[in-house]
1. Kindly write out, for the range B:235-245 in residue order, the coupling ³J(HN,Hα) from the Karplus curve 6.51 cos²θ - 1.76 cosθ + 1.60 (θ = phi - 60°), rounded to whole Hz, with x marking Gly and Pro.
2. Taking only C-alpha pairs under 8 Å that are 6+ residues apart, what is the relative contact order of chain B in percent?
3. Among all the lysines, which ones have a C-alpha under 23 Å from A:K27's C-alpha, if same-chain residues fewer than 8 places away are not counted?
4. Between B:A96 and A:S52, what is the spin-label point distance in nm, taking each point 7 Å from the Cα along the Cα→C-beta axis?
5. Can you give me the long-range amide H partners of B:I235? Hydrogens built in the peptide plane at 1.01 Å from N, cutoff under 5 Å, separation of 5 or more residues or another chain.
6. In Å², what does the accessible area per residue of the protein assembly as shown work out to with a 1.4 Å probe?
7. Enumerate the calculated ³J(HN,Hα) couplings along the range B:14-21 in order (Karplus 6.51 cos²θ - 1.76 cosθ + 1.60, θ = phi - 60°), each rounded to whole Hz, writing x wherever the residue is Gly or Pro.
8. Can you send over the carbon and sulfur percentage of the accessible area for the protein assembly as shown, probe radius 1.4 Å, protein chains only?
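The values are calculated or read from the model by the stated rules, or taken from the named source; none is laboratory data. Since we're looking at a predicted model, the values are computed, not measured. Cβ: placed from backbone, ideal geometry, glycine included. Neighbour counts: every protein chain shown. What goes into the accessible areas is simple: the full protein's heavy atoms, side chains included, and nothing from ligands, DNA or RNA. Shrake-Rupley method; radii C 1.70, N 1.55, O 1.52, S 1.80 Å.
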Amino acid sequence: MSGQIGNQPTPPEAEGPLLLDIAEVSKRFPVGKTGWLSGKSHSLVHAVDDVSLTLARGETLGLVGESGCGKSTLVRLLARLTDPTSGSIRFGTRELSAIPAKDFARDPDRARIQIVFQDAGESINPRFTAADAIADPLRQLQGLTGDTLRQKVEEAATLCGLPLELLARFPHQLSGGQRARVGIARAIGPRPDLLVLDEPTAALDVSVQVTILQLLVSLRESLGISYVFVSHDLNVVRLLCDRVVVMYLGRIVEVGPARAVFDAPLHPYTRGLVAAVPRLDGVRADALRLVGDPKSPIDPDPNACRFHGRCPIGTDRCGVEMPELRRFAGGRQAACHYAEEAPA
Amino acid sequence: MSAATPAAAASQSVLDVTDFSVEFRTRAGIVRALDRVAFSVGRGETMALVGESGSGKSVTAYALLGLLDAAGRITGGSARLEGTELTSASPAALSAIRGKRAAMIFQNPRAALNPIRNVGKQIGDVLRRHAGLGARAAAAEAIEMLRAVGIPDPARRAGAYPFELSGGMCQRVMIAIAVATRPALLIADEPTTGLDVTTQAVVMDIMGRLAAETGMATILITHDLALAAERSGRIAVMHAGHIVEDAPTKTLLLYPRHPYTRRLLAATPTAAGNLADLRSIPGNLPDLRRDDLPPCRFAARCDRRLPACEAPMQWRELEPHHRVACWNPA
Ligand SMILES: Nc1ncnc2c1ncn2[C@@H]1O[C@H](COP(=O)(O)OP(=O)(O)OP(=O)(O)O)[C@@H](O)[C@H]1O
Ligand SMILES: Nc1ncnc2c1ncn2[C@@H]1O[C@H](COP(=O)(O)OP(=O)(O)O)[C@@H](O)[C@H]1O
Ligand code: SF4
Ligand code: SF4
Ligand SMILES: [Mg+2]
Ligand SMILES: [Mg+2]
């Protein structure tokens, strides 16, 4: 990858050596009443439904969609923190879906996938100093101790622009941006191939956000890490990501190169999402509004488009036929009966 | 900052704030949270108050409406709501004003609502207390308010409890409660933070429409400059308890003059820009407990600083309606 910051004209379909290849992955959570005879629950939350995607080495994939659409569940699945209900998760050459999450916690490949959680800064143990927090995964996953450990901790801190004199501080003695750096330093310490970031900058001021995003770009260049980056902020996704995946109620509705997807969305939901993003240059005249709320994720109709009922262009067909993800020019995909090629 | 000259036309103004200062007494010292803040908001106008976290946006809102906690107090200045002085008003008078003439909505709507009372009754309560409506009229008006904020099937939803509604719907209920008595002033403190952008757009449309219909003045507090750009007519930029620049929205975005405003804009992602073009703001907000805060609280972070910047700060009116508090504006 060149030294350029921001989007590369990378091929939209992950190309070259794949780091991650997940196919038809679903995650269902039982909810509601339990039949006392069968002992089985009757209702299921379809948090992630039939999701397939690929990630190339060094690639940054953005994941966007409304609150509750399944982004966090999906990244917890691909980081193997929870077990999928069905589907395959290939990491490098290895199939990981069959390894129970509790066993994977001790797996040698554990260190290769790291995750920075939503509210990274807040999720650091308040009784850990920054140094302890960064050292923790190195100790647990790689069994490092003593001088080697200290050296690795300092290396990770330096890579993340964290002054070494801050290492002795506790989280409450650090600024939001410094805590975010600790969260990232902790995750890159074991030198993962894949770093999953679940809204790492959501709670930060723009100024701090810029430094964190630029840090991520420089780490991508110096360490060759791949990212899966979850964010509510489409402007940020566009800045950082090569490709973007748009989810709606557990399913992928659109995939493609970030700029293309945001400049000319194929799916009606993506269109509504893009139109709602505030812009420094003011309201556009065409401001399209998505009204209403998503349907319930509990036992959704398997034969209806999840967006049906809220979709401004839906028809009766959408209520009886689930749209499949279809391929479009430019490495794009969309799941809508009425999606058409974007005008050139 | 002496000689405050609020930018809004005085004849139309709903709220006039001058030399407004607030301090908090803490064990670690006095926090000088607001220092001679001045601005005006006119009828039907939406003014955005923007700035980094900790710059004093929420304190401004709370202090104006008499909602500061016990450690905080207004140490000077004036705030007049349609001629009524708020800084010297009694708690009872302020409480009456809050229900009727000025309203506030908060960031976390679910927490601000009563969890064990249905939303129709919560709107009705305000109408009964502050608009003198009877129970039946209040219930009917509550349904109308729910309709006005775009809640589908309002008659049925009036019976819903907050936990049965999404975050966006709760915020619409909060707006309904806030505007039920047709206040002259609405202060919305990060009203859409935590909501999806699609929901945010709908909620902001509703606030804009109500302001246009009722002539309500709105202070939109946000850390999101893009949201301010889309939804306000004027922007006041706050830094470390000072308002540093105040101008019509377009002017502020196109011709920012205060070094902090320029820095804030340079850090904000745009639809077209590149990450490499964005610049973070050097340094942090100063510690507001310091006794020796400089006249310009941005000085330690500023690359345009001159020896002259040590002088007491004064407002400069660069053009009509465009004020800046800086000795060396760009
Ligand atoms: N442990 C669980 N049990 C039951 N339902 C769950 C569980 N975890 C998640 N869900 C449900 O799965 C769906 C997806 O949740 P998830 O946290 O993945 O959303 P998200 O896209 O990350 O949302 P946000 O943007 O708010 O972080 C939601 O309907 C959620 O309520
Ligand atoms: N109750 C309080 N006690 C002491 N300091 C406070 C209190 N509330 C706010 N402050 C201080 O006042 C300043 C402004 O805070 P605030 O108005 O909440 O910022 P913003 O809303 O712009 O993020 C900060 O320095 C904050 O720490
Ligand atoms: S399939 Fe139908 S309901 Fe679904 S997004 Fe397309 S048009 Fe809308
Ligand atoms: S007054 Fe001086 S130090 Fe303060 S912002 Fe202006 S140029 Fe910078
Ligand atoms: Mg999440
Ligand atoms: Mg605040």
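1. 10, 10, 9, 10, 9, 6, x, 10, 7, 9, 7
2. Once divided by the residue count of chain B, the mean separation gives 22 percent.
3. A:K40, A:K71, A:K102, A:K295
4. Result: 7.0 nm between the two label points.
5. The list, which skips near neighbours in sequence, is B:A48, B:A247, B:T249.
6. Per residue, the protein assembly as shown has an accessible area of 42 Å².
7. The phi angles translate into 8, 10, 10, 10, 9, 6, 7, 10 Hz.
8. After summing per-atom areas, the C and S share lands at 52 percent.
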